[in-house]
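A quick write-up on the structure given underneath.
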Amino acid sequence: MNGSQARVVITDYTFPSLDIEHEVLSPLEAAIEAHQCQDEDEVVAVVRGANVVMAQFAPIGRRAIEALSKDATIVRYGVGVDNIDLQAARELGVAVAYVPDYCVDEVADHTVALLLALLRKIKVFDQGVRSGGWDPVGLAKPLPPFGGSTIGFVGLGRIGRAVLDRLRPFGFSFTVYDPFLSSEEAEELNVDLVDLQPLLMEVDGLSLHVPLTPQTRHLLNEKRLGLMKPTAVVVNTARGGLIDADALAQALRTGKLGAAALDVFEDEPLPTASPLRDIEHIFLSPHAAWYSESSLPRLQRLAAEEAARALRDEPLRCPIEREEVGR
């Protein structure tokens with residue numbers, strides 16, 4: 001691709017500056033256009049004829065993809081790509097890349113912190129003391145030791161494995177549902193590979209690590225939540241749409257589930273009227289698991305370097321080729 005004629009369109013961003021993007025792409029003499037698109041109409045208007053599109057949260061639908069130049073590339077700032085119409089991109093011959101590894105440690109750390117806090121009932125203890133109580137056994141019971149507890153993973157990709165590594169020293173048993181994990185890999189990782197239903201029935205703690213697709217939307221619905229132990233806890237740092245929020249709120253409110261911790265939501269920011277806000281046994285964080293002082297510039301640099309590869313007609317580092325995207 002002739003860099004002097006190339007257009008790189010950034011549809012939206014939440015970064016303090018785009019200095020990193022300019023540093024990486026300026027040597028290629030690409031024209032960089034930055035916008036803050038809120039909807040697909042705005043996206044279509046700005047990406048027309050673009051050679052590379054870099055998108056954070058803006059929707060990249062079929063109309064936007066049809067407006068791109070021939071052999072264009074879309075680079076997603078982040079791990080999930082549910083804001084991009086992958087089917088349309090494939091049909092129209094537009095390459096899509098993402099940055100699946102910029103925040104593996106951060107998300108794994110956040111996930112483990114939430115899971116351990118739930119299992120040790122830290123919030124229950126805190127609320128008990130604040131309300132004037134002082135009854136650790138009465139507040140916590142039942143409280144099995146970590147060595148007698150089973151942690152279940154739905155998906156065991158990059159982040160899931162980082163969580164697994166962090167949890168091993170605590171003595172948990174581990175069970176996994178992942179159609180892309182072979183029995184040989186499961187044996188090497190010393191985890192039990194099972195179907196989803198028996199996993200849900202067995203685990204004391206559940207951690208979700210799959211992308212949001214039509215097949216995984218509301219993976220945890222009323223029926224599946226009903227399979228879980230009433231003392232079990234759920235942690236979701238993947239995608240909000242994996243859980244039916246109304247069903248989760250009802251399960252927690254009626255004692256059919258022990259507790260939950262969510263960093264991601266179907267609608268973000270979390271709506272004021274969300275039933276999750278009124279639940280006691282839940283931790284809520286504002287889609288912050290990815291963040292550290294180094295993860296943000298890392299994301300920008302890796303995304304910009306991917307855009308540079310596209311402009312130079314070089315193989316992409318992280319093209320989206322298979323359905324287990326985001327793993």
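The values are calculated or read from the model by the stated rules, or taken from the named source; none is laboratory data. The structure presented is a predicted model; accordingly, all values stated were derived computationally and were not measured. Positions of Cβ are backbone-derived with ideal geometry, glycine not excepted, and every protein chain shown enters the neighbour counts.
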Worksheet, complete the sentence: Log entry, pairs with first residue in the stretch 275-286 being in a strand (DSSP E or B), second being among the small types (Gly, Ala, Ser) and surrounded by 14 or more Cβ atoms within 10 Å (Cβ to Cβ), beta carbons closer than 6 Å, six or more apart or on different chains, reads Ile282/Ala260; Phe283/Ala261
Practice prompt. Among the candidates Ala261, Ala310, Ala273, Ala249, single out the residue that is within 24 Å of Ile159 (Cβ to Cβ) and at pLDDT 95 or above.
Written response: Ala261
Worksheet item: When only residues in the stretch 197-238 that are closer than 19 Å to His287 by Cβ, of a type in the set (A, V, I, L, M) and not in a loop (DSSP other than H, G, I, E, B) count, which is nearest to the chain's Cα centre (by Cα)?
Response: Leu208
Discussion item. Suppose we filter the stretch 105-145 for residues that are more than 20 Å from Phe170 (Cα to Cα), without any contact (Cβ under 8 Å) to a residue 60 or more places away in the chain and assigned to a helix (DSSP H, G or I); how many remain?
Written reply: 9
Worksheet item: Name the residues in the stretch 148-171 that are surrounded by fewer than 20 Cβ atoms within 10 Å (Cβ to Cβ) and of a type in the set (Phe, Trp, Tyr), would you?
Response: Phe170
Worksheet item: Can Leu225 be described as in contact with a Gly (Cβ under 7 Å, 6 or more places away or on another chain) and not β-branched (Val, Ile, Thr)?
Response: no
Practice prompt. Only residues that are among the polar types (S, T, N, Q) and surrounded by 19 or more Cβ atoms within 10 Å (Cβ to Cβ): list them for the stretch 176-212, please.
Written response: Ser207
Discussion item. Tell me whether the stretch 32-42 contains one or more residues that are surrounded by 23 or more Cβ atoms within 10 Å (Cβ to Cβ) and modelled with pLDDT of 95 or more.
Written reply: yes
Item to complete: Determine which single condition Gln300 fails, assuming it passes every other condition in (1) in a loop (DSSP other than H, G, I, E, B); (2) surrounded by 18 or more Cβ atoms within 10 Å (Cβ to Cβ).
Response: (1)
Worksheet item: Does Pro271 satisfy the condition of being closer than 24 Å to Arg217 by Cβ and not charged (D, E, K, R)?
Response: yes
Worksheet item: Name the residues in the stretch 165-174 that are touching a helix residue (DSSP H, G or I) at 6+ places or on another chain (Cβ under 7 Å), part of a helix (DSSP H, G or I) and farther than 11 Å from Phe146 by Cβ, would you?
Response: Arg166
Worksheet item: Just checking, which of Ala238, Ala249, Ala232 is in contact (Cβ under 8 Å) with a residue 24 or more places away in the chain, in the same structural domain as Arg158 (by TED's automatic domain parsing) and surrounded by fewer than 22 Cβ atoms within 10 Å (Cβ to Cβ)?
Response: Ala249
